[in-house]
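First up is the structure itself, then whatever we jot down about it.
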Amino acid sequence: MSLLERLKAQIAHDGPIAVPEFFTRCLHDPRDGYYATRPALGGLGGAGGDFITAPLVSQMFGELIGLWMIETWTRLGRPALFRLVEMGPGDGTLMSDLLRAARVAPDFLAAADVWLVEVSEPLKARQAQRLGDKPRWASRLDQVPAGAPMILVANELLDCLPARQFARTRDGWAERVIGLGEDGELAFGLRPLNPPP
């Protein structure tokens, strides 16, 4: 059963689902989700990507982020240990570029406990190919250990962050949901809020 068929069956059985749940399932379903089925996330020309991101346009983007991180670490007092975290790291290009630029500050690299926050197993494998054993992985930010300063970058995360959607109706606020239309296909709908946000 395809993801579309599974979503339709769930909605037919349980009723409409909120946009964030729908968005998350479409992106992260382990078998049929966007990140599980795309061999290339970004690229130029024949690279097969659906889109291009700044780290893939030029290594200078990541290198400048790396130099900015060194400056930020210096302003923090050059802690002997800090968490260097990237959320939604794609194929690891940004982290690779910023770590390469950070070689100008060996103390920074020695102090950095590098973490990638990633939910996709195929992307974790691609990141490991690019970055080797330097980073550690977490599926959620709260899995990154506390107890040290953190410098965080999330270049592409907001593009893919599921958000609840609301609309004002004559009867008050309602949440946008995904249900089934009269034709049995997915359709937007509104669910009254009780209580409102």
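Derivation of every value follows stated rules applied to the coordinates shown; laboratory data play no part. Every value quoted in this text rests on a predicted model; they were computed, and no experiment measured them. Quick reminder, even Gly has a Cβ in these numbers, built from the backbone with ideal geometry, and neighbours come from all protein chains shown.
Mind running the shape call on the stretch 54-155? Use the C-alpha gyration tensor, a ≥ b ≥ c as the square roots of the eigenvalues: rounded below 1.5 for a/c, prolate if a/b tops b/c, oblate otherwise. Taking the square roots of the gyration eigenvalues as a ≥ b ≥ c, the stretch 54-155 is oblate. Amide H to amide H distances under 5 Å link V177 with G189, L190, R191, where only residues 5 or more positions off or on other chains count and H is placed in the peptide plane.
Per-residue ellipticity at 222 nm, computed for the chain from helices alone with -39500 (n - 2.57) per DSSP H run of at least four residues, works out to -10500 deg cm²/dmol. Using Cα atoms only, what is the angle between the long axis of helix 19-28 and the major principal axis of the chain, expressed in degrees (0 to 90) to the nearest 10? Value to nearest ten degrees: 50. The modelled label-to-label distance between D113 and Q59, using points 7 Å beyond Cα along the C-beta direction, is 3.0 nm. Taking the longest Cα principal axis of the chain as reference, the axis of helix 3-14 is set at about 50 degrees. A crude spin-label estimate for the pair A12 and R38, with each label 7 Å from Cα along the Cβ direction, gives 3.0 nm. With R₀ set to 35 Å, the beta-carbon distance separating F188 from L157 gives a calculated FRET efficiency near 0.90.
For R100 and R176, the difference between the fully extended length at 0.36 nm per residue and the C-alpha to C-alpha distance is 23.0 nm. The distance linking the stretch 162-181 with the stretch 108-127 is 36 Å (Cα centroid to Cα centroid, whole angstrom).
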